[in-house]
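J.: One structure, as structure tokens, below. Some questions next.
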Amino acid sequence: MSTTEQQPRADGEQVGALVSRASQQISELVRQEMQLARSEMTQKGKRFGKGGGLFGVAGLIGILAAQALVATCIAALALALPLWAAALIVTAVLAVSAAVAALAGKKQIARAGAPAPEQTIDSVKADLAEIKEKAHR
């Protein structure tokens, strides 16, 4: 066998080894990137959990502050009216406010329509129609 016949085989083996090594390195890189992403998402998840909990605490404290404000309004009105009348007036104002908010919310929900992503559905239907049209050509 001559040296010219052995050369292509040796080069082919070197290329094969390089491709094999590159494949291993890419696969290792992808695994490392996935581990990094998992670690990062875990850290972010913990932060979001803590933040959500703190928002919950803030909401609870806000509700307590609103209740204290209502009691303050009743006490202020009780200086000029009997206590029962002051409480009744504040209760009526709160009930009317709740009714107005409920009606406004109902109106917004009615304007929103069905919860389906209508634009996306229409876009997918148009894409399917175009694919069918191109397939029949």
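J.: Using the structure shown, decide if L94 is out of contact with any Ser or Thr (no Cβ under 8 Å at 6 or more places or on another chain), in contact (Cβ under 8 Å) with a residue 24 or more places away in the chain and part of a helix (DSSP H, G or I).
T.: So L94 fits the description; yes.
J.: Pick from segment 105-128 the residues that are surrounded by 10 or more Cβ atoms within 10 Å (Cβ to Cβ) and of a type in the set (G, A, S): which of them is farthest from C73 (Cα to Cα)?
T.: Among those that are surrounded by 10 or more Cβ atoms within 10 Å (Cβ to Cβ) and of a type in the set (G, A, S), it is A126.
J.: Another question, if that's okay. Among the residues of segment 39-81, write down those that are part of a loop (DSSP other than H, G, I, E, B) and surrounded by 10 or more Cβ atoms within 10 Å (Cβ to Cβ).
T.: Hits for segment 39-81 are A78, L81.
Each reported figure results from applying straightforward, stated rules to the coordinates on display, with no laboratory input. On a predicted model such as this, the values are computed, not experimentally measured, just so you know. In this analysis, Cβ positions are derived from the backbone assuming ideal geometry, glycine residues included, and neighbour counts consider all displayed protein chains.
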